[in-house]
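Visitor: First the structure, which I've put down as structure tokens, then a few questions once you've had a look.
The values are calculated or read from the model by the stated rules, or taken from the named source; none is laboratory data. If you're wondering where the values come from, they're calculated on a predicted model, not measured in any experiment. As a convention, Cβ positions derive from the backbone with ideal geometry for all residues, glycine included, and neighbour counts pool all protein chains shown. Areas reflect the complete protein model, heavy atoms only, side chains present, ligands, DNA and RNA absent. Shrake-Rupley method; radii C 1.70, N 1.55, O 1.52, S 1.80 Å.
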Amino acid sequence: MPTTGLNSKVLVLPLGSFEQHGPHLPLDTDTIIIDSVVAQALRDSQIKAGSFIVAPTIAISASDEHVGFPGTLSTGSAALADSVVAICRSASWAQGICIVNGHGGNSDALARIGSALTYEKIRHSIWSLPSYEGADMHAGHTETSVMLHVAPTKVNIHRIEPGTVGDASRLVAQMRTSGVAGVSANGVLGNPTTATSEHGV
């Protein structure tokens with residue numbers, strides 16, 4: 001890749017995951033979604049697209065809460081934080097770094113990353129996929145709807161089944177001690193049976 005002018009660019013560093021998403025979604029669901037978000041954001045940006053350089057997505061991240069489900073791979077929070085900080089440190093040639101996160105389990109690592117980059121005076125911003133009132137947490141109505149919109153052929157509609165539905169804050173607190181397997185036998189948090197591609201727009 002030509003390097004001329006790279007020091008005038010912002011580095012975009014996407015974070016996905018490789019973990020179970022119930023019986024109907026692929027292991028790389030979070031990576032597919034965040035890659036789609038980044039691509040769409042750059043298409044819609046009022047800033048000249050050439051102002052950015054997009055790094056390869058980190059597709060294995062902090063997914064310890066999904067341990068026990070086949071297919072899940074995880075770096076853990078500490079290793080992810082160390083890796084991302086090192087990558088950002090190596091991008092001293094860039095105007096700044098925009099970390100774009102597609103996996104909720106990375107929140108602890110992102111806190112460490114933000115603190116370290118601020119301490120080292122590395123210009124950065126961190127953005128995570130937002131939630132909204134009524135959204136469910138994992139492989140449910142919300143995430144399945146997004147996948148039906150951005151990658152419908154990746155959704156196994158014949159294997160969609162409801163998961164555990166309940167108060168998000170209570171479920172998160174329980175998952176911190178028992179993992180997802182402790183609150184949902186099929187790894188689904190929400191009800192994907194009502195998902196539609198229209199809702200995923």
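Visitor: Could you work out how far apart the two model spin labels at A111 and V67 are, taking each label as a point 7 Å from the Cα in the direction of the beta carbon, and quote it in nm?
Guide: 1.9 nm
Visitor: Could you run the Debye sum over the Cα atoms of the chain, one equal point scatterer each and no solvent, and tell me log10 of I(q)/I(0) at q = 0.08, 0.14 Å⁻¹, two decimals?
Guide: The Cα Debye sum returns log10 ratios of -0.28, -0.83.
Visitor: Could you give the distance between the Cα centres of region 127-189 and region 18-63, to the whole Å?
Guide: So the separation of the two Cα centres works out to 18 Å.
Visitor: Still on this structure: Restricting to the chain, compute how many DSSP beta bridges are antiparallel as a %, nearest 5.
Guide: That works out to approximately 15 percent antiparallel.
Visitor: Here's a follow-up. Count charges around S36 for me, please; just the other residues with Cβ under 13 Å from its Cβ, Lys/Arg as +1, Asp/Glu as -1.
Guide: -3
Visitor: Among residues other than L117 whose Cβ falls under 15 Å from its Cβ, what is the net charge (Lys/Arg +1, Asp/Glu -1)?
Guide: Here the charged neighbours net out to +2.
Visitor: How much length, in nm to one decimal, is gained on full extension between A79 and T118, taken as 0.36 nm per residue of separation minus their Cα-Cα distance?
Guide: Stretched out fully, the A79 to T118 stretch lengthens by 12.2 nm.
Visitor: How much length would be gained if the chain were fully extended between T193 and S178, taking 0.36 nm per residue of separation minus their Cα-Cα distance, in nm to one decimal?
Guide: 2.9 nm
Visitor: If you don't mind, another one. Please give the FRET efficiency for D167 paired with L42, using the beta carbon to beta carbon distance and R0 = 35 Å, rounded to the nearest 0.05.
Guide: That pair, D167 with L42, gives E of 0.45.
Visitor: Express the carbon and sulfur contribution to the solvent-accessible surface of the chain as a percent, rounded to the nearest whole number, probe 1.4 angstrom.
Guide: Roughly 57 percent, rounded to a whole number.
Visitor: Next question, about the same structure. How much net charge surrounds W127 when only other residues with a Cβ under 15 Å from its Cβ are counted (Lys, Arg +1; Asp, Glu -1)?
Guide: Neighbour charge sum, excluding W127 itself: -2.
Visitor: In addition: Quick check for you: with a 1.4 Å probe and neighbouring chains kept, what is the accessible area per residue of the chain, in Å²?
Guide: Averaged over the residues of the chain, the accessible area is 52 Å².
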